[in-house]
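Report on the following structure.
The values are calculated or read from the model by the stated rules, or taken from the named source; none is laboratory data. Please read these numbers as outputs of a predicted model, since none were measured by experiment. Don't worry about glycine lacking a Cβ; one is built from the backbone with ideal geometry, like all the others, and counts go over all protein chains shown.
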Amino acid sequence: MEKIQIGTVLKPQGIMGQIKISDFTDGKNAIKDLDEVFIDNTSYKVLQKSTGPQCIFLTLKGVADRNTAELLRGKDVFCDKDKINVSSDRFFITDIIGCSLYLSSGKLLGEIVDVQVASTDIFTVKTQEGMCYFPFLKKLNAQMDLENKKITVDAKIFTEVCLYQ
């Protein structure tokens, strides 16, 4: 199974071993099936979970007090990728990186090499002309074919929003 990072332990929460982690997911619905996480390659059964603003609270089997939870501070938290629920219009960054970017005209522009998460995600594309950066806007009318690692965007809109460096 492929693992995906869902956050980083921020701190213990209370005295009963609960941890607060940063939330790299889309919130409550995304983690509803979460029953196991991995921290430092150690598997922990999730006993309880809840979400807050940009955070997830987890109670893990084997982490029964604040001192034990404190040992996890700053560590990355992973889970099996198939345990994260993703709506049909959302995608994992790991699935986007490596995709070929095509313009609606059929021209191959290059390969997506990075995605910066922001209120509007910024994609980085390696092209023959250099690096290209563009905000992933709805008006690009992106056609996502992640199975074939291909993304196609509206050529006219793309030329208006793309910056080369």
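Note on the range 1-47: residues that are of a type outside the set (Asp, Glu), within 16 Å of Asp82 (Cβ to Cβ) and assigned to a strand (DSSP E or B) amount to 8. When residues in the range 64-96 are screened for being assigned to a loop (DSSP other than H, G, I, E, B) and among the acidic types (Asp, Glu), 2 of them pass. The residue that is modelled with the lowest pLDDT, among those in the range 37-64 that are surrounded by 14 or more Cβ atoms within 10 Å (Cβ to Cβ) and not hydrophobic (A, V, I, L, M, F, W, C), is Thr51. Within the range 124-137, is there a residue that is part of a helix (DSSP H, G or I) and charged (D, E, K, R)? Checked against the condition, which is being part of a helix (DSSP H, G or I) and charged (D, E, K, R), the range 124-137 yields no hits at all. In summary, Glu129 fulfils each of the numbered conditions (1) over 25 Å from Lys81 (Cα atoms); (2) touching a helix residue (DSSP H, G or I) at 6+ places or on another chain (Cβ under 6 Å); (3) of a type in the set (Asp, Glu) with the single exception of condition (2).
Of the residues making up the range 68-80, at least one is farther than 21 Å from Gln54 by Cβ, without any contact (Cβ under 8 Å) to a residue 24 or more places away in the chain and more than 13 Å from the chain's Cα centre (by Cα). Condition first: of a type outside the set (Ser, Thr, Tyr) and under 30 Å from Leu163 (Cα atoms). Can you find one or more residues in the range 27-37 that meet it? For the range 27-37, residues of a type outside the set (Ser, Thr, Tyr) and under 30 Å from Leu163 (Cα atoms): absent.
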